[in-house]
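As structure tokens, the structure follows; a few thoughts come after it.
The values are calculated or read from the model by the stated rules, or taken from the named source; none is laboratory data. Only a predicted model underlies this, so the values are computations on that prediction, with no experimental measurement involved. Heads up, the Cβs are rebuilt from the backbone with ideal geometry, glycines too, and the neighbour counts pull from every protein chain shown.
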Amino acid sequence: MNILHLAAHMGDGAGKAIGGLAILGNKSGKDTHRILLLDEPRKTNHIDRCCAAGIEVLPGDSAEFAINEADVVVPSWWGSPTMDMFLREFPNIPCRVMLWTHKNGFYDPPLPDALVRSCDKLLVTSPLTLENPAWSDGTLVYGFGDFDSEKVSLKTDYSLNNDSFVIGYVGMPSYKRFPHNALDYMSKTISLIPDAIFVLAGEYSDEFKSDVTLAGLADKVQLLGWTNAVPGLLRTFDVFGYLLRSDSSATTENSVLEAMAAGLPVVMARKPVGKYLIRDGAGFLADSPEEYAKNLLRLYKNEGLRRTVGQAARKHILASCDALENLNRFHEECLKVVAQQKYIHKFGGF
């Protein structure tokens, strides 16, 4: 089958999800994947990786030709205005459309029911999305691309270095991701564990950095900024603390999966998606600063618990995040869609 992915861009998590799945799909020999970009790319690392693997990445002005050639067209949706505009002006070309949403749909941006109904199939990247009865016949295809959990270097030393307790994070240290009271979570933890330090990797916001300073936590909260050295950084963490707004549009959360694959014990916000990621003794969930701090305190006090939970986390990820199984689910849904006749799609009503 010829699979055409439509993407507004290939940056960050989107590039990992789309590019990795396309690379894995081409390697499997079952399908040919191509990617059509609607925007000029600002980050090219995932594009370069795709091109090196023989994936054709097309410019937006190739849309009509590429859609006409495709057996299945897969728009990757995360509320991008560029994608929404393209769909509203979708070419009058008979095709089959399988929507792949990379947001959970419940929170900003909300997934439009009218858009889902205009497509031939819905793919989701979180079980949370399937809780909506209108989307319950969707199929779970995670957004972790060709992530190979077995290749993630495993943490082996669970002792505390220099008596400090390093609570690590990889993502986006800003209120776009963090709850408004994120510093309450950190302050409560520090009050219970004076040796605790938070090491946060990722592009942080000036607002969050300013609030850290105003709260007097600059010596306890280290903002590293963006880094490409995440695998090595993970092994320097004692635990992985993942704060998330309860109304976040989050789904796969690749940084959590990578931390768990590295054997790190995780303490994560329960809502909206933590309850789907942390299972079988593989970490702790928290609904408040107090619960978050108490769970970290338990891990701080007990090296054996850190090791047990970390190893359970890796075991859980090895069993539940199989990239080939994820690809096979995608492929099977493509086969179902291909069995239908092509027709002209209209997406103007959302």
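Out of Ser118, Ser205, Ser136, I need the residue that is surrounded by fewer than 19 Cβ atoms within 10 Å (Cβ to Cβ), outside the structural domain of Lys275 (by TED's automatic domain parsing), touching a Lys or Arg at 6+ places or on another chain (Cβ under 9 Å) and of a type outside the set (A, V, I, L, M, F, W, C). Which one?
Ser118
Contact annotation: residue pairs with Cβ atoms under 6 Å, 6 or more positions apart or on different chains, pairing a residue in the range 183-199 that is assigned by TED's automatic domain parsing to the domain that holds Leu296 with a partner that is of a type in the set (S, T, N, Q), are Asp195/Ser164; Ala196/Thr189; Ile197/Ser164; Val199/Gln222.
Between Ile23, Ile67, Ile47, Ile35, which is touching an Asp or Glu at 6+ places or on another chain (Cβ under 7 Å) and among the aliphatic types (A, V, I, L, M)?
Matching residue, one of Ile23, Ile67, Ile47, Ile35: Ile23.
I'd like the residue in the range 70-102 that is farther than 13 Å from Leu122 by Cβ and hydroxyl-bearing (Ser, Thr, Tyr) and, out of all such residues, is surrounded by the most Cβ atoms within 10 Å (Cβ to Cβ). This residue is Ser80.
Residue-by-condition table, conditions (1) touching a Pro at 6+ places or on another chain (Cβ under 6 Å); (2) under 24 Å from Asn302 (Cα atoms); (3) at pLDDT 95 or above:
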| site | (1), (2), (3) |
| --- | --- |
| Thr156 | no, yes, no |
| Arg177 | no, no, yes |
| His180 | no, no, yes |
| Thr189 | no, yes, yes |
| Ala201 | no, no, yes |
| Tyr204 | yes, no, yes |
| Ala215 | no, no, yes |
| Val221 | no, yes, yes |
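For the range 16-58, a residue qualifies if it is of a type in the set (Asp, Glu), touching a residue at least 40 places away in the same chain (Cβ under 8 Å) and closer than 12 Å to Asn2 by Cβ, and exactly one does: Asp31. Taking the criterion of being among the charged types (D, E, K, R) and farther than 29 Å from Leu244 by Cα, the residues of the range 89-120 that qualify are Glu89, Arg96, Arg117, Asp120. Looking at Leu115, Leu6, Leu24, Leu111, which is the one that is modelled with pLDDT of 95 or more and part of a strand (DSSP E or B)? On inspection, the qualifying residue turns out to be Leu6. The residues listed here are Leu335, Leu296; of these, the one that is hydrophobic (A, V, I, L, M, F, W, C), out of contact with any Lys or Arg (no Cβ under 9 Å at 6 or more places or on another chain) and surrounded by fewer than 17 Cβ atoms within 10 Å (Cβ to Cβ) is Leu335.
I'd like to know if the range 295-312 contains one or more residues that are within 20 Å of Arg177 (Cβ to Cβ) and either of a type in the set (A, V, I, L, M) or in a helix (DSSP H, G or I) (or both). Taking every residue of the range 295-312 in turn, at least one turns out to be within 20 Å of Arg177 (Cβ to Cβ) and either of a type in the set (A, V, I, L, M) or in a helix (DSSP H, G or I) (or both).
Based on what the data block shows, is Leu130 over 21 Å from Ala339 (Cβ atoms) and surrounded by fewer than 23 Cβ atoms within 10 Å (Cβ to Cβ)? It is true that Leu130 is over 21 Å from Ala339 (Cβ atoms) and surrounded by fewer than 23 Cβ atoms within 10 Å (Cβ to Cβ).
Of the residues making up the range 172-202, those that are closer than 22 Å to Gly274 by Cα and either part of a loop (DSSP other than H, G, I, E, B) or among the charged types (D, E, K, R) (or both) number 12.
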